[in-house]
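Below is one structure, written out as structure tokens; the observations come after it.
Read-outs throughout are calculated quantities, based only on the coordinates presented, and are distinct from any laboratory measurement. Treat the numbers as computed from the prediction; the structure is a model and nothing was measured. Cβ coordinates were reconstructed from backbone atoms using ideal geometry, including for glycine residues, and neighbour counts include every protein chain displayed.
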Amino acid sequence: MARKSSRQIARIIILLFCLGALGLSLFLATFDLNRYRGEIESALSDLFRRPVRFASIRFSVTKGLAIDCNQLVIGKDASDTIYLQADHLYIKVGLLPLLQGQLTLRKIILARPQLVINLDRPQKAGPAPPADSGSDWSDTGLSEIRIHDGAIELRFPRKSGYPPLRLTGADLGLGARPDGRLDLVLDARLEKERLSTPLHLEGIVRGDSPLQWGRNPLTLALRLHGLPLDAIDHRLLPDGVALAGRADLDCRLQGNPNEELAFDLDLAADSGSLMRRERPPLPLGRWRLQGTWRRQNGTQSLAGLTLNHGRLRLNGELQLDRDNLAGQIRLAPLALDELRPWLPQADLPRPTGTLGFDLVLPRTPWTELTATGLLRRLRGEFRLADLALPLEKLPPLEQGEARLRLADSVLSIERFTASWQGRTQQLQGRVDLTGDIPTLELNAELSPPLTALLQKTGMDANRIDLNGPLPVQARINGPLANPRLAIEGDLTRLTANLGGWFRKQAGEAGTMKLQLQYGNGGWTIERGRITLAATSVDFNGSIGSRGAYSLHLSSDAVDLRRLGTSRHLAWYRLRGTAGLDLQLAGSADRPLQINGRITLQNAGTHLTSILADLDRIKGTFLFHGRSFDTVLLNARLGDSPVTIQARLADFDRPRLELRLQGRKVRADELIFKTTDNWFHNLDAELAIDGDGIRFKKVAVRLDGGTDCVVSGAMLGWKNPQVQLQANAAWADIDEIIGLWRGPAKAHSPAAEGPPASGKKSRQGTLVTVEARVARGRFGRLNFTEAAGTVTSDGRGLLTVFPLHFRAREGYATGMVISDGTGPGPTRLKIAGHAENFPAAAIHRDLLQQKSLLSGTLRGDFYLEGEAGRNFIPTLDGGVSLEVRDGVLNKFAFLSKVFSLLNVSQLFAFKLPDLVEKGMPYQSLTVTVSIEQGIVHTEDLLLRSEAMDLSFVGDYDLPRNRLDAVVGVKPLKTVDRIITKIPIAGWILGGRERALVTAHFKITGDASKPQVEAIPVTSLSKKIFGIFKRVLTLPGEVLTDPGKVLLPQPSDPEK
């Protein structure tokens, strides 16, 4: 029963629903909406504040029961500020009010609308409705507006050149809340040229129409997801800058857009990057901008602005109105490494440290917001701390601090200090930014690290040593593109050693002044001056960008003695002055070129210990690129006037060629020791290089007539050795030996002692001369074809060995030693052997007397004595001679001996006249010893057909005195005695074959000796023995000639 009742109820409900639907259908089919067309257009026009029209109106159930307005148009035409077209406008109305004849809007749906917002035509704003006026939505009862698949196009002013911005596929929902606020949700795709990204907007607004939203509080959140950064208009970016990748943008707005609106923009571009020319991509990362916009009394402001990116913190505020802009911005101290990637690329060192600044822009007209106008208006302060500035190939600047101020287009450097290798550097000044190119006015107090600066220039710091402080005052003025730099430095405390060529000690007064100007990539040295003590050098020139340089050096008088204190030049003991006028030029790929002149005045130098110093040099050196030569220089070699010509052909292979000429030069001013000898007509061609001195040709004539040409070399500089070759047409050997004989040395006992302990004796210069002489004289001996090696150890020892020479048909070999190493006078030692020498020539040459004898001589000798005039008085040594086939000529003591004998009366027609014509002999032999000039012999023996003669005794050479005994055996063989001997009464005969002797004592001056016959009994036993041995006589002849000369009986006792 109950079941049956339920079925009946259900049938009744279905029937009622069908009847109601049928009735509604009949109502809608017969209801005339055109009665409400005007009312609907008026309501929509009031809602959108624009004219609204549509083609037709009817009911539709496509979107539920709604009024369908076909071909909706809002706005006058497409050029209007806001113009909308839609295929359908669905309006949902209240059914009951509609049945009662009233139109109540509940919901509006726009299908595929096309909205154009044209910013090229300024909107003429009507009078704003009162703030407390009622809502249009509340009047119509509208609770929701939706847009499906709409398109919104934002057209920018034509003069901006920006293409339109479009939202496609837009779905918009606006829903009213009970408190009068609206919920806003928009999903669309943002498109602009290549830009296409999803957009999502949601929030809460107040007001029944978008026109009211600008006057009521709102809360909006906008999100752009996957925004393609490369599609952002390039005109919004600086030249050469582009964006790449994608980013997400979140924007939050809260407040009243008509009064105050807080905003928060968050850009997340983790995959985005900033692209710049010739620089690696820069990751964008995350950026956040916060602040509050306000409008009051026609002025808009942005307060509490904060920009955050990593450690970057920018704070500030802006005020703007229709005509002006003002603001300020502050950067909290930020590491320069964080800021550097965002700055323009510059070929400058990369400093580290922190930077903070405060910038203020006073109220400035919009028309002055240009680069120039901003610089003129901006005020600010910049602060740098913990600054470290790396410099290429130089030590960094460290512990830097700076404070800069910007005002009236001038950047003032109030303070800049830094430490450079422990020395404080300071900088002050200003940079005028008024013009297109900044103008500098800077003053600096610097103390640069000199060694590091040398390395920067490519110079070898191991060869150039600069130490100590160099206080420098620097001024920089002029445009940044070509500034002028003036430098003044105090060199007093500087220690300098320029590779051993120049040396300066700390405390020596000195200054440096330099004025340069930069331009065309290089520096022009307008003028410069370096002053040390009384010497100044001026210079000017240029230094190019690629290492090319050109310098002009000039000075009236450079003190050469000042240069001579350096290690390399100390040896040369420079003195005098030099005037400079030089042009230096070079580059990285071109060696130094020197042109100009150096003029010497009273200059002097020491070349080597074997030559006297050059002094009083006057003349000019002419430089030609990589070489130089001289105009004829006048100078003195020691005290001797000379002229010099010099030439150096190539700096890369330095070899100085000299020609030195002098009419009269003292011997000790060359390689010799004597001060008594002179060289005449000296003409020397020399070549000097790093190995020593080459004597190409030295022609000279000595006082005594020696005329020779010398060549050879001095090898080495520290311990030189001299090797020479000498050729002479005629030479005096005594004169040559005398060249190495120095002044007499004072004798002192101290000089004879050993050298002080640990003290090294000075090594002399070893000189070796290979000499050849065509003709010459040695002592009083003339010779020909001499050859020998002369060696001097430089400490007084001279040797001539081997020595070979000829005298007529004979020849000799020997050795000469001149020894001046001892404490006393120089000793001359001569030793040798003679063969086939003409005896007459030797006697005549050596004794300068008429020859006593002739014949052929051979023998050995050794002679030693003081060199010079005392040679004969101090002569020691020995001689062994043999002379054959000669004639004993008349001389004083023999003449007297022969006159006493009167031998010619005994042997008429048998013997020559000994007194007048001399006596031929077969041989003469003698051995002598010499001591202190006294010649002593005990075995002189002369053998001839006429007689034998023996000489025993001394000959005092210095005093020319004789003290000797002569034994004569006048007859060698006779059968019997013809007559008696007048003076002796001795009769020759007997078994010893008629032998007889006579003895004579010779004393006194050798030129007029005293000769007397002496009995044999007066002879000493020693002399007696000598004669017996030399003359081979039996003893009886000498002791009892009667026993020998008279017949004896057979019985001895009878």
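Remarks
- Database remark: amide H of Leu237 closer than 5 angstrom to no amide H (H placed geometrically; neighbours at sequence offset of 5 or more, or on other chains; Pro and chain starts carry no H).
- Each listed q (0.22 Å⁻¹) maps to a log10 I(q)/I(0) for region 239-362 from the Debye sum over equal C-alpha point scatterers, namely -1.27.
- Residue exposure sequence - Trp501, Trp342 - by fewest surrounding Cβ within 10 Å: Trp342, Trp501
- Label-to-label distance for Thr927 and Ser1007 is 3.4 nm, based on points extended 7 Å past Cα in the beta-carbon direction.
- At R0 = 45 Å, FRET efficiency that the Cβ-Cβ distance of Arg53 and Ile437 yields, to 0.05: 0.10
- Between Arg112 and Glu260, the simple spin-label model (points 7 angstrom out along Cα→Cβ) gives 4.8 nm.
- Pairs beyond 23 Å (Cα-Cα), from Lys673/Lys697; Lys618/Lys664; Lys513/Lys618; Lys969/Lys1001; Lys393/Lys504; Lys697/Lys829: Lys513/Lys618; Lys393/Lys504; Lys697/Lys829
- Hull volume per residue, based on the alpha-carbon atoms of region 639-731 and their convex hull, is 103 Å³.
- Peptides 518-526, 635-643 ranked from most to least packed by the mean count of surrounding Cβ atoms within 10 Å: 635-643, 518-526.
- Across region 348-430, the volume of the C-alpha convex hull divided among the residues equals 94 Å³ per residue.
- For Gly855, distant residues with modelled amide H under 5 Å away: Ala839, Ala840, Val887
- In terms of surrounding Cβ atoms within a 10 Å radius of their Cβ, Glu809, Glu259 rank from fewest to most as Glu809, Glu259.
- Hz values of 3J(HN,Hα) by residue in region 544-549 - Karplus curve (6.51, -1.76, 1.60), Gly and Pro given as x: x, 6, 10, x, 6, 9
- Inter-label distance, Leu312 to Asn70: 5.8 nm, where each label sits 7 Å from its Cα along the C-beta direction.
- Net charge in the neighbourhood of Asn634 (other residues with Cβ under 10 Å of its Cβ; Lys, Arg +1, Asp, Glu -1) is +3.
- Across region 553-671, the volume of the C-alpha convex hull divided among the residues equals 108 Å³ per residue.
- Gain on full stretching of the segment that runs from Arg561 to Asn602 - 0.36 nm per residue minus C-alpha separation: 13.6 nm
- Backbone geometry of region 473-486 corresponds, through the Karplus equation with coefficients 6.51, -1.76 and 1.60 at θ = phi - 60°, to 3J(HN,Hα) couplings of 9, 10, 10, 10, 9, x, x, 4, 6, 8, x, 10, 10, 10 Hz, x marking Gly and Pro.
- Backbone amide hydrogens, once placed in the peptide plane, bring Asp703 within less than 5 Å of Trp678, excluding anything fewer than 5 places away on its chain.
- In terms of overall dimensions, the C-alpha atoms belonging to region 574-641 reach 46, 22, 18 Å along their principal axes, ordered largest to smallest.
- Subtracting the Cα-Cα distance of Asn719 and Thr675 from their residue separation scaled by 0.36 nm leaves 13.5 nm.
- Taking Cβ atoms as reference points and 13 Å as the exclusive limit, the residues near Arg562 contribute a net charge of +3, counting Lys and Arg as +1 and Asp and Glu as -1.
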